[in-house]
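What follows is calculated from the coordinates using simple rules that are stated; it is not laboratory data. All values reported here derive from a predicted model rather than from experimental measurement. When we count neighbours, we look across all protein chains shown, and the Cβ atoms used for this are built from the backbone with ideal geometry, even at glycine.
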Amino acid sequence: MPAHMLQEISSSYVTTTTIRAPPSMGEQKLEKMSLYSAEDIRPEMKDDIYDHSYQDAEGPTPKLEYVWRNIILMGLLHLGALYGVILVPTCKFYTWIWACVYYLISGLGITAGAHRLWSHRTYKARLPLRLFLIIANTMAFQNDVYEWARDHRAHHKFSETHADPHNSRRGFFFSHVGWLLVRKHPAVKEKGATLDLSDLKAEKLVMFQRRYYKSAVLLMCFILPTLVPWFCWGETFAHSLYVASLLRYTMVLNATWLVNSAAHLYGYRPYDKNINSRENVLVSLGAVGEGFHNYHHTFPYDYSASEYRWHINFTTFFIDCMAVLGLAYDRKKVSKAAVLARIKRTGDGSYKSG
């Protein structure tokens, strides 16, 4: 990319809202609450802020109810992806490129779309960008935006409790994929029903996707990525199906799931040692920027989901490019002073200044 374009993108990194330094000494009585909510720069939204007062109800954990349809389909999908791995060396070059581009666009549908735009409202997007992201999100096939955002807000507000859909305290496998193979814990449904989702219900594009999601997913996630290599450059049907469709889709799924599992179990906690989410660079590589997870759970209202802007964070680069084009705006960013103050108050001592 030309140097002048990079400079223009970088200079566009101006936010209309930042957060201030921590409470003064005279506000120490509110310190415990301020650690989690007083710094929020979106006064219109609080349902993704960690509720430190919520505790699991006492009593035995309900017996697991397996969803055998999901278990069978997930098993078949991963078997197909494994066969795709065998076929990768004999793919045509354009098929590799197609699968990689489809992976990246699908990933942005989750990271820049369902996650940072619709779950956390960390920035605003004009119609052309919202349309692109809703299509990209459909390509990713990880539930429609409404359901994804609902579960993700519950994950943040009730993190590491039974009300968290993929509670990492139940182990790596459960937080990675197991939560999709069993019935939801009753607390997930109970507390999820208390969330304010009026902003999602009011967005016509989100509700349109939800209405036609099943048929759209079949087309965008499986049929289109299979037919394009087959028809456009004469790839075999097997390579098109197992590599460009099933393997690519499985890789997007697992990259996203690693944010729920590995990034809650392995890594440092430089911003808040009192929560389980962690900084995991390897996860960020696969999930196009979502591995700076201790920062993200500490400051869920930051559009970059990281302190370091473009560092191993293609999603932030993409949003900043969209801002240059006038398609993204009002990007929320935490001030450096507030970040350093939070590190001093609650960090685990592992922070190293960039």
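Numerical summary
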read-out	value
Partner lysines for Lys273 [C-alpha distance under 27 Å; skip if fewer than 8 residues away on the same chain]	Lys29, Lys32, Lys46, Lys157, Lys191, Lys332, Lys333, Lys336, Lys344, Lys352
Most fluctuating residue given options Lys333, Lys46, Lys92, as computed from a GNM of the chain linking Cα atoms under 10 Å	Lys92
Long-range HN-HN contacts of Tyr268 with modeled amide H, under 5 Å	Glu279
Rounded FRET efficiency, nearest 0.05, which uses the C-beta distance separating Lys92 from Leu224 and R0 of 22 Å	0.80
Magnitude of the charge dipole, segment 68-265, Cβ model with Lys/Arg +1 and Asp/Glu -1, debye to 20	460 debye
Residues Cys232 and Lys344, FRET efficiency given R0 of 45 Å [Cβ-Cβ distance, rounded to 0.05]	0.20
Within the chain, longest stretch clear of exposed chymotrypsin sites (Phe, Trp or Tyr not before Pro) (DSSP loop, no more than 16 other Cβ within 10 Å)	55-211
Computed lengthening from Tyr83 to Leu282, 0.36 nm per intervening residue step minus Cα-Cα distance	69.2 nm
Helix runs (DSSP H) in the chain reaching 24 Å along axis by Cα, Kyte-Doolittle at least -1.0	68-87
Whole-number percent relative contact order across the chain, with pairs defined as alpha carbons under 8 Å at least 6 apart	25 percent
Charge context of Val243, other residues only, Cβ under 11 angstrom, K/R +1, D/E -1	+1
Segment 68-265, relative contact order [Cα under 8 Å, separation at least 6], %	33 percent
Euclidean distance of C-alpha centroids, segment 167-223 and segment 255-318, integer Å	21 Å
Cα-centred dipole magnitude for the chain, charges only on beta-carbon of K, R (+1) and D, E (-1), debye, nearest 20	140 debye
